[in-house]
1. For the range 347-363, indicate whether the set of residues that are within 18 Å of Lys242 (Cα to Cα) and not polar (S, T, N, Q) is non-empty.
2. Kindly provide the set of residues from the range 261-292 that are outside any helix (DSSP H, G or I) and either outside the structural domain of Ser217 (by TED's automatic domain parsing) or within 16 Å of the ligand (Cβ to nearest atom) (or both), ordered by number.
3. How about the range 131-148: which of its residues are surrounded by 21 or more Cβ atoms within 10 Å (Cβ to Cβ) and within 16 Å of the ligand (Cβ to nearest atom)?
4. Quick one: would you say Leu256 is within 30 Å of Ile370 (Cα to Cα), of a type in the set (A, V, I, L, M) and crowded, with 19+ Cβ neighbours inside 10 Å?
5. Can you tell me how many residues in the range 379-404 are out of contact with any Pro (no Cβ under 6 Å at 6 or more places or on another chain) and outside any helix (DSSP H, G or I)?
6. Which residues, taken from the range 202-230, are aliphatic (A, V, I, L, M), touching a strand residue (DSSP E or B) at 6+ places or on another chain (Cβ under 7 Å) and either assigned to a helix (DSSP H, G or I) or more than 15 Å from the ligand (Cβ to nearest atom) (or both)?
7. Please go through the range 1-30 and give me each residue that is more than 22 Å from the chain's Cα centre (by Cα) and part of a loop (DSSP other than H, G, I, E, B), ordered by number.
8. Considering each residue of the range 371-390, count those that are in contact with a Cys (Cβ under 9 Å, 6 or more places away or on another chain) and of a type in the set (A, V, I, L, M, F, W, C), and give that number.
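The values are calculated or read from the model by the stated rules, or taken from the named source; none is laboratory data. This one's a predicted model, so the numbers in the text were calculated from it and none came from an experiment. Cβ placement follows ideal geometry from the backbone for every residue including glycine, while neighbour counts extend to all protein chains displayed.
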Amino acid sequence: MKKIAVLGYGVVGSGVVELFYKNKEKIEKNTGTELDVKYILDLREFPGDPYADKVVHDINIILNDPEVGYVAECMGGVNPAFKFVSSCLEAGKSVSTSNKQLVAEKGDILLQIAKKNDCNFFFEASVGGAIPIIRPLHTCLAGNDISAAAGILNGTTNFILEKMFCDKMGFDEALKLAQELGYAEKDPTADIDGADACRKVCILASLIFGKHVYPDSVYTKGIRDITLEDVELAEKMNGSIKLIGSTKRLEDGKILSTVMPMVVPEESLIAHVNGVFNAIMVWGDGFDKTMFYGRGAGKLPTASAVLGDIIDSIKSEHTVTSHEWVLDENTDFIANIDSLVAPRFYRTDLCTSEVYENAANAAGVTVDQIAEGGCVISNCDNKTADTFAKALEEAGVKVVSHIPVMAD
Ligand code: HSE
């Protein structure tokens, strides 16, 4: 009989326990062993909960119990999660986590501790909720040179943007609904301002490119400034606005990682990803591109990924080494946002096509699309985009919004 401990009995932790007992028989058949949840660590008591007798308040009970070989960390945050997870790994207990902040900030250290102690630190649930993305990157797609990954990595903002786009719902009302449905982070600014998606980009970038990419290396801009007018203009130009997380190896070999609102043309599959769903497009030399899609947040979808990791830990006798990256203190491999090359969407005061064309000529780009109150110009870097905006301003046209366009 193998024993599991769950750290944190909030939305995800309680989902892990619920899904485990719902499918216990199948999971035991899959792993070929009897299993049980022995402890649930939380500061609170849960009177009346069917698993209240498993609740403990001291991590040492778990650390000192040799029967517990597998730990699901669903607490969130870095403190005390980092201390608890490192102690579990040092005691040879494999850990599965849904905690993207922990992986984004301390993943390199925790992977090393796991390797030293011949156990696993798994984090499938940290990116894309239920979507299998971490494991495919280092197993199914491992025969490729992966050059980029990009997509919708935050369910809350996608839900809010969809409510603005389809239901013309106000920002605050949509956010409140996302919180009620358990999608938003405890502090929703992490969703709105892009920190949550940034952490997920760090994890994807680190795994794909093999060096730890920290949150401060990712250009991050949230959706706070996106207005209904932006959304409506994008729609007129056959696009929608999505918060896109992206990491990409540029021609000079540097890695450009970003989180920002982007206009996504209607013909892209990403444009049709709505609600709390996430989608991640991955590009590689052998397979061209592939997209992963599914529920990116919520109790049972996230629990599904945590449990999958536990099952994998039980089946992997030793550390899975394909699943690691190293710390490189020299950050020369990180590209600056000025290296971004993309078409640009502008919302402006009323303006004639002639003025747009003249500004485009001044910047050396072409105008690809025009609608009343805005246009899209061809692929360019930030400096060229600034030259275009300046030319418009000099012609007396105010630029209200400038949003890069996602090209796939
Ligand atoms: N707040 C996150 C989201 C939860 O909305 O995507 C899943 O990471």
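1. Yes, the range 347-363 contains a residue that is within 18 Å of Lys242 (Cα to Cα) and not polar (S, T, N, Q).
2. Pro261, Val273, Asn274, Gly275, Val276, Phe277, Asn278, Ala279, Ile280, Phe292
3. Ile131, Ile133, Ile134
4. The answer is yes for Leu256.
5. Within the range 379-404, residues that are out of contact with any Pro (no Cβ under 6 Å at 6 or more places or on another chain) and outside any helix (DSSP H, G or I) number 11.
6. Leu204, Ala205, Ile208, Val213, Val218, Ile226
7. Across the range 1-30, the qualifying residues are Met1, Tyr9, Asn23.
8. 2
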